[in-house]
1. Of all residues in region 133-166, how many are acidic (Asp, Glu) and under 22 Å from Pro45 (Cα atoms)?
2. So which residues in region 39-62 are part of a helix (DSSP H, G or I) and buried (at least 22 other Cβ atoms within 10 Å of the Cβ)?
3. Is there a residue being small (Gly, Ala, Ser) and free of Cβ contacts under 8 Å to residues at least 12 places away in the same chain anywhere in region 102-122?
4. Can you name the condition, by its number, that Asp90 falls short on among (1) among the acidic types (Asp, Glu); (2) free of Cβ contacts under 8 Å to residues at least 60 places away in the same chain; (3) closer than 20 Å to Arg15 by Cα?
5. Restricting to region 78-114, count the residues that are among the aromatic types (Phe, Trp, Tyr), exposed (fewer than 13 other Cβ atoms within 10 Å of the Cβ) and not in a loop (DSSP other than H, G, I, E, B).
6. Say we look at region 64-77 and pick out the residues that are surrounded by fewer than 18 Cβ atoms within 10 Å (Cβ to Cβ) and over 16 Å from the mean Cα position of the chain (by Cα); which of these is nearest to His8 (Cα to Cα)?
7. How many residues, within region 144-162, are of a type in the set (Asp, Glu) and assigned to a loop (DSSP other than H, G, I, E, B)?
8. Run down Gly9, Gly31 and say which single residue is crowded, with 22+ Cβ neighbours inside 10 Å and more than 18 Å from Leu68 (Cβ to Cβ).
Amino acid sequence: MKLLVTRHGETEWNRKNMILGRTDITLNETGIMQAKKLRDNIPYPIKYVIASPLQRAAMTANIVCENLNVEIKYDDRLMEMDFGTFEGRDRTCEVYQMEKRNFFTRYPQGESYFQVAQRVYNCLDEIIEKYSDGNVLIITHNGICRVIRTYFDNISNEEFAQYSLKNCELEVYHI
């Protein structure tokens with residue numbers, strides 16, 4: 001079994017380097033093109049697709065699945081992190097960059113990375129158990145991709161904070 005993980009296509013907030021968590025916005029034209037390119041270049045046969053229900057991930061999943069004849073399953077545990085009061089701010093904000101490294105601490109009115117890891121790890125455990133008979137494509141968000149990476153690889157705190165998956169880039173984990 002291979003677990004393929006991708007981040008949704010680009011949104012306007014991604015383009016503007018804004019913090020995007022639970023705000024439910026669609027792909028922009030670039031994001032639609034990225035999703036089509038991903039659709040046309042998936043390197044392995046896919047039996048299952050599991051996606052975040054937020055529009056940007058759902059749109060990416062719908063585009064990718066145009067040629068796959070695969071039912072998309074949506075899972076709330078794959079929704080992006082709740083960045084609380086940082087939502088919509090510039091990603092380069094110094095306070096956000098410091099908060100991003102406080103894994104035990106919730107963002108004000110949001111979640112902590114440990115809360116996110118709990119729900120994502122539980123989701124991955126279930127996916128691996130339930131769908132081990134075929135390759136699975138997960139379509140989610142950058143923060144969730146970061147947590148998924150820690151499920152499979154040991155990385156330092158600084159590597160975790162610096163990690164970023166480009167829009168519609170694939171990472172493949174061999175189970």
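1. 1
2. Across region 39-62, the qualifying residues are Arg56, Ala57, Thr60, Ala61.
3. yes
4. Of (1) among the acidic types (Asp, Glu); (2) free of Cβ contacts under 8 Å to residues at least 60 places away in the same chain; (3) closer than 20 Å to Arg15 by Cα, only one is false for Asp90: (2).
5. 1
6. Among those residues, the one meeting the criterion is Glu66.
7. Counting residues in region 144-162 that are of a type in the set (Asp, Glu) and assigned to a loop (DSSP other than H, G, I, E, B) gives 1.
8. Matching residue, one of Gly9, Gly31: Gly31.
The values are calculated or read from the model by the stated rules, or taken from the named source; none is laboratory data. From a predicted model like this one, the values you see are computed outputs, not experimental measurements. Here the Cβ is made from the backbone with ideal geometry for all residues, glycine too, and neighbour counts use every protein chain on show.
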